[in-house]
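The values are calculated or read from the model by the stated rules, or taken from the named source; none is laboratory data. In this text, all values refer to a predicted model and were calculated from it rather than measured experimentally. Here the Cβ positions follow ideal geometry from the backbone for every residue, glycine too, while neighbour counts run over all protein chains shown. Only protein heavy atoms, including side chains, enter the accessible area calculation; ligands, DNA and RNA are left aside. Shrake-Rupley method; radii C 1.70, N 1.55, O 1.52, S 1.80 Å.
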Amino acid sequence: VIVGAIRGEAKFYKLSFAFMWWIINHIFTYLPEKLQLQNFLLTLQFDEESEALMQQLKTSQSLLERVLPEKVIPRVKHLNDNSAIADEFNSVTIIFAKVKGIHELFDKLPTVQVVDVIDNLYKRFDALTSEHFVEKIKTVADTYMAGAGLPEPSDDHASNMAHFAYAL
């Protein structure tokens, strides 16, 4: 069609005009619609991935809050690969509270139920920490470790820990 139009053959003028009209129409209607659709799909994918990323961020924040003292979390977030957090405290009181009878419960109850009992117990311990100015350090199986006089030094750390131990 185009070759015939270039040679000047009259019968191809109308066809070449129609063909050119189709190409121009295609460029100005179909392609923008296709680009708009691709843009929409990319925006949708971006929104979904952003939502997933925000959910992961909330999960990691929640995990940090459960594991670390509140005042340490900002320091952990700004750690470099080769750095560490180490503080020195001149005087603190540490408690290792071992829960008696947990191992016997595993023989009597389903594991899920025993884990639920331990979890509920440690949540109650956690609630007592803020009340007595004690910081939870770690829980391992049936042992609860906490400290007083850290991460904020205090002169009455031993008294606070004694009250915490009595409340346990």
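I need the full set of residues from the range 132-148 which are out of contact with any Lys or Arg (no Cβ under 8 Å at 6 or more places or on another chain) and over 15 Å from GLU70 (Cα atoms), in order please.
HIS132, THR139, VAL140, ALA141
What residue, of GLU131, GLU152, is in contact (Cβ under 8 Å) with a residue 60 or more places away in the chain, acidic (Asp, Glu) and surrounded by fewer than 13 Cβ atoms within 10 Å (Cβ to Cβ)?
GLU152
Given the conditions (1) in a helix (DSSP H, G or I); (2) in contact (Cβ under 8 Å) with a residue 24 or more places away in the chain; (3) open to solvent by less than 70 Å² (accessible area, probe 1.4 Å), which single one is not true for HIS103?
(3)
If the Cβ limit is 8 Å and pairs must be 6+ apart or interchain, which residue in the range 50-66 that is under 24 Å from ASP126 (Cβ atoms) and open to solvent by 80 Å² or more (accessible area, probe 1.4 Å) pairs with which residue that is hydrophobic (A, V, I, L, M, F, W, C) and assigned to a helix (DSSP H, G or I)?
Pairs that qualify, where the first residue is under 24 Å from ASP126 (Cβ atoms) and open to solvent by 80 Å² or more (accessible area, probe 1.4 Å) and the partner is hydrophobic (A, V, I, L, M, F, W, C) and assigned to a helix (DSSP H, G or I), are GLU65/ILE73.
Restricting attention to the range 106-128, and to residues there that are touching a residue at least 24 places away in the same chain (Cβ under 8 Å) and closer than 26 Å to SER154 by Cβ, which single residue is surrounded by the fewest Cβ atoms within 10 Å (Cβ to Cβ)?
So the residue we want is LEU128.
Kindly provide the set of residues from the range 76-90 that are under 28 Å from ASP156 (Cα atoms) and open to solvent by less than 100 Å² (accessible area, probe 1.4 Å), ordered by number.
VAL76, ILE85, ALA86, ASP87, PHE89
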